[in-house]
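Inspection log for the structure reproduced underneath, given as structure tokens.
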Amino acid sequence: MTGKSVSRAKAADLRTFLVPALLTYSAGVLVLLVYLLLGNALGIVLGLIAVALGLVWWRHVLGGRMVPRQVPVKGLVVLTVAAAAFTVLSFLLAD
């Protein structure tokens, strides 16, 4: 090593941190949402299937990587909106 380091923008580092955190959160809330909609164990199974299909789609959109080095802002915005929508719907459906 020559002692030189490559600096990246702080915003890129923050996006790279937020994407896996939001993916994990969204997956859990989606399973909860489907469980609340169906009200039984089938909801959990269908929620897990929906999460798996969503992750496959996400990976396909980003060119074969779950978290690329340069996370597009549009992808982060879509993921944030989806997480917020799942959360609001879960709160509305909870008794």
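The values are calculated or read from the model by the stated rules, or taken from the named source; none is laboratory data. Fair warning: this is a prediction, and the values are worked out from it, not measured in the lab. Ideal geometry is used to build each Cβ from the backbone, glycine not excepted, and the neighbour counts take in all protein chains shown.
Observations on the model:
- Hits in the range 76-95 (condition: outside any loop (DSSP other than H, G, I, E, B) and out of contact with any helix residue (DSSP H, G or I) (no Cβ under 7 Å at 6 or more places or on another chain)): V77, V78, V81, A84, A85, V88, F91, L92
- Of the residues in the range 46-58, at least one is modelled with pLDDT of 85 or more, surrounded by 13 or more Cβ atoms within 10 Å (Cβ to Cβ), touching a Ser or Thr at 6+ places or on another chain (Cβ under 9 Å) and part of a helix (DSSP H, G or I).
- Neighbours by Cβ (under 7 Å, 6+ apart or cross-chain): first from the range 30-41, within 21 Å of A84 (Cα to Cα); second polar (S, T, N, Q): L32/S90; L33/S90; L36/S90
- Filtered residue count, the range 60-83, keeping only those that are out of contact with any Lys or Arg (no Cβ under 6 Å at 6 or more places or on another chain) and surrounded by 13 or more Cβ atoms within 10 Å (Cβ to Cβ): 10
- Inter-residue pairs, beta-carbon under 7 Å, first among the basic types (K, R) and in the range 77-89, second assigned to a helix (DSSP H, G or I), 6+ apart: none
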